[in-house]
Structures are given as structure tokens and as C-alpha cells.
Amino acid sequence: MRWSEVLDGRGQCLEQSVAQGSASVALAGVAHKIKLEPEELNFGVVFIGNSREREVTIKNEGTTTITLETPNTTLANPSYFSIVLAQNPLVLGPGQSGKVSVRFTATVSGTYAETARLLAGTLSLEIPLLAAAMHREGYIQAAIDAYNAIVQIGG
């Protein structure tokens, strides 16, 4: 009797055969599994007229190659946030990682919550973005006010 196994590179059995015939089993594993690290980007306080860039690592933990692209309508406020891919599209094979940069440019005081989107075929990856923009003088005044409040309550 002859016995052989066909493996998928991770030791997962795809097919077993014996001399009298063969038996097939479904591929074990997840075709599309993508991990983001970190899961959100927080830019903190950025002074008006400045920019800050943060990176997210995208790891393909699935069993197939994925192609990531930035859609035209990825951000509601593209004047504040922008996505920077080293390659567009970014192609990641199984087990590969890539980095995506997002830049926040502070032009108007306020707080900003946005979602960056990347497309992997029909799958949409969402990266929550948080930032605040302030004038330097406003930031200093807020810090002084916070300090005075702590002193007044005995902290």
C-alpha cells in the first residue's frame, strides 16, 4: 500500500492518497486574516501649523496574498489626515507585514476623530484616528489652568 500526503507549507494536510484511491479535505486555516498594530492611531495634541506622522503595521496572518489600496474616499477630512503607502497597492503574502503612515496636519483648533480606510479586495480595513489641534498659547494656558485647579483642590 502506498501512502502520501500533500501539505500546504504549514504542515496542514490538503490531500491524502492510498493505492486504491484518494481522499481530499478542505484547506485548514483562514484565507483573509489581517492584524493591525496598533489598532488605532492617536496623534495627541499638535500645534497649529505643524504635522505629526504615525505608523500602523499591517500583518497578513491569512493563507492568501492580499493587496491593500487606498480608495479615493478614504477620509472625510483629507485636509487634516492623509494616508501614505510606501507602495500603492501594498501587496502582502502570507506571513508578511507592511507599514502604512498616516499624517495629521493641524490647521484649525479642535479635536478630530476620523477613520482611515484601506481596501483589500472587497474587505475594508478601518483604522480609527484621534487628534487635537491647538495654538501654542492656548495649550500653555490650558496647562496653567489645569495646574491651578489641582493646587486649589489640594492635589
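Readers should treat all values here as calculations from the given coordinates under stated rules, not as data from a laboratory. As the structure is a prediction and not an experimental result, all values here were calculated from the model.
Below are the figures for this structure:
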| read-out | value |
| --- | --- |
| Length released on extending from LEU130 to TYR147, taking residue separation times 0.36 nm less the Cα-Cα span | 3.7 nm |
| Additional length obtainable on full extension of the chain from ILE48 to ARG117, 0.36 nm per residue less Cα span | 22.3 nm |
